[in-house]
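All remarks here apply to the structure that follows.
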Amino acid sequence: MRRELSGWGRVPRTDCAVIAPRDEAALRAAIATGPVIARGNGRAYGDAATQSRGTIEMRHFNRLLAFDPETGQVEAEAGVLLADLIEAFLPRGWFPWVTPGTKFVTLGGAIAADVHGKNHRRDGAFRSCLDWVEVMQQDGSVVRAEPGDDLFEWTVGGMGLTGVILRAGLRLRPVSTGWIRQQMVPAPDLATAMEVFERDTGTYAVAWFDCLGQGASLGRSLVMLGDHATPEDLGEAQRAAPFNIPRRRRLKVPMDAPAFALNRFTLKAFNALYWRAGLRKAGESLVDWDSYFYPLDTIDEWNRIYGRPGFAQFQCVLPLATARPGLEALLKAISASGQGSFLAVLKRLGAQESRFSFPMEGYTLALDFPVSPKALQLLERLDAITVDHGGRFYLAKDSRLRSDTLRASDPRVGAFVEMRETGPRYRFASGQSERIGI
């Protein structure tokens, strides 16, 4: 069957031959047709999970296989969503050790992108909670790989290009409530926000920032620090049912927003309102887990707010030594362009040594831009600033990076391509890998 597919950014759109195997035999037959790429829930933003000649949908591989209540290890198939893990295990006192900003990603997708969360500085990326992965390779064989094995190290963060991830064993985090003890810290500028990150010793930290701020307000931010609450932090009624949280009302974007709805004036008004709302919430409060980790997950199809042309997310990480001047240069370029973003996020990342994963010690910046010729020109400028400051790019969010830009930003590309030449390149390829030459 052929179907038009895209990533969460809705661009590029690709006419794909879609295969949805229900067992390993059917999956093995699909791989033999090559080139193919596995696809989970379609939450990569660009073309990392589309292949015109063969896109393998893995959502039928969605079983929870085993759980060890002593260690918190779950064995699960690659099509299981993080939302499924939370629904099954949070009432038992377990939560994902690492989670990105949406719970609607599959386990296979989280491994392929080596996703990171608000706790990377302290706990690392998704790799840190993985005990093993099972991968179907180009010859149809299934291999279990553990940390330190070449297959494991290239698969975690390898964007699905080493084979099809089938199953994994991962550890969950013990928690005693479903609440987060949050501290909202308004920061009038980028320097102050970075100071908050540098002195924080808690589990989670993330900042929304005003990307249109200028002068003394450049990078003004709301830094949200968090730790898992204990029963002692809760009120009497909450302690009686510590994992019961208020059900959030689900909303849905009913149609594509018109192009004129997103402009400098609406962005400036939104940012001013959001900043003032954050000031009113300054200090400590209790926030339920869903609101803290996944604020956008209650808005179905929120990607439609950017209109029919779709949007591109820019996400880079800058090394600690050049993070401040690099961030200032990026923010000045964005502010001067007038093409700010509603969803502007800053996080502090910790040290990480890995074969091809995104994180490095420093600061990561993420912004969304409606696709337009002017926005694409700005993104080229932001790419150049990132490269000039020793940064690199998050392939899970990429939809338009050039091959030469990738190579200028990441010296690991050569080794990754060399590994791929041994066989996976001819069986596993995505629209993204063909576009950027990996």
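The values are calculated or read from the model by the stated rules, or taken from the named source; none is laboratory data. If you're wondering where the values come from, they're calculated on a predicted model, not measured in any experiment. As a convention, Cβ positions derive from the backbone with ideal geometry for all residues, glycine included, and neighbour counts pool all protein chains shown.
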Residues of the stretch 203-218 satisfying the condition of being under 23 Å from Leu262 (Cα atoms) and touching a strand residue (DSSP E or B) at 6+ places or on another chain (Cβ under 8 Å): Ala207, Trp208, Phe209, Asp210, Cys211
Selected residue (criterion: surrounded by the fewest Cβ atoms within 10 Å (Cβ to Cβ)) from residues of the stretch 1-42 that are under 25 Å from Glu301 (Cβ atoms) and hydroxyl-bearing (Ser, Thr, Tyr): Thr14
Conditions (1) of a type outside the set (Asp, Glu); (2) without any contact (Cβ under 8 Å) to a residue 40 or more places away in the chain; (3) closer than 25 Å to Pro174 by Cα; number of the one not met by Leu234: (2)
Pairs where the first residue, in the stretch 302-327, is more than 19 Å from Leu379 (Cα to Cα) and not assigned by TED's automatic domain parsing to the domain that holds Pro373 and the second is surrounded by fewer than 24 Cβ atoms within 10 Å (Cβ to Cβ) and small (Gly, Ala, Ser), C-beta under 7 Å, 6+ apart: none
Whichever residue in the stretch 1-23 is among the β-branched types (Val, Ile, Thr) and in contact (Cβ under 8 Å) with a residue 60 or more places away in the chain and, among such residues, is farthest from Val371 (Cα to Cα): Thr14
The stretch 43-71 - residue that is closer than 21 Å to Asp23 by Cα and surrounded by fewer than 19 Cβ atoms within 10 Å (Cβ to Cβ) and, of those, modelled with the lowest pLDDT: Arg59
Filter result for Ser335 (of a type in the set (Ser, Thr, Tyr), closer than 13 Å to Phe209 by Cα and surrounded by fewer than 23 Cβ atoms within 10 Å (Cβ to Cβ)): yes
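Can you confirm whether the stretch 52-59 contains a residue that is closer than 30 Å to Trp208 by Cα and touching a Leu at 6+ places or on another chain (Cβ under 7 Å)?
Looking for residues that are closer than 30 Å to Trp208 by Cα and touching a Leu at 6+ places or on another chain (Cβ under 7 Å), one finds none in the stretch 52-59, hence no.
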Qualifying residue in the stretch 102-117 (condition: touching a Ser or Thr at 6+ places or on another chain (Cβ under 9 Å), within 22 Å of Arg171 (Cα to Cα), acidic (Asp, Glu) and outside the structural domain of Ala312 (by TED's automatic domain parsing)): yes
Counted residues, the stretch 218-251 - those being farther than 23 Å from Pro96 by Cβ and either in contact with a helix residue (DSSP H, G or I) (Cβ under 9 Å, 6 or more places away or on another chain) or among the small types (Gly, Ala, Ser) (or both): 11
Pick from the stretch 347-383, criterion closer than 23 Å to Ser433 by Cβ and aliphatic (A, V, I, L, M), ranking: farthest from the chain's Cα centre (by Cα): Leu376
Residue tally, condition within 25 Å of the chain's Cα centre (by Cα), outside any loop (DSSP other than H, G, I, E, B) and not aromatic (Phe, Trp, Tyr), over the stretch 200-223: 6
Residue tally, condition without any contact (Cβ under 8 Å) to a residue 60 or more places away in the chain, more than 15 Å from Asp290 (Cβ to Cβ) and not β-branched (Val, Ile, Thr), over the stretch 89-116: 2
Counted residues, the stretch 328-360 - those being closer than 29 Å to Met159 by Cα and either touching a residue at least 12 places away in the same chain (Cβ under 8 Å) or not in a loop (DSSP other than H, G, I, E, B) (or both): 22
Residue match in the stretch 367-380 (condition: free of Cβ contacts under 8 Å to residues at least 12 places away in the same chain, within 19 Å of Leu318 (Cβ to Cβ), in a helix (DSSP H, G or I) and not β-branched (Val, Ile, Thr)): yes
Matching entry among Arg392, Arg324 (being among the basic types (Lys, Arg) and either surrounded by 22 or more Cβ atoms within 10 Å (Cβ to Cβ) or at positive phi (or both)): Arg392
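Out of all the residues in the stretch 239-282, which are of a type outside the set (S, T, N, Q) and closer than 30 Å to Arg92 by Cβ?
Arg239, Ala240, Ala241, Pro242, Phe243, Ile245, Pro246, Arg247, Arg248, Arg249, Arg250, Leu251
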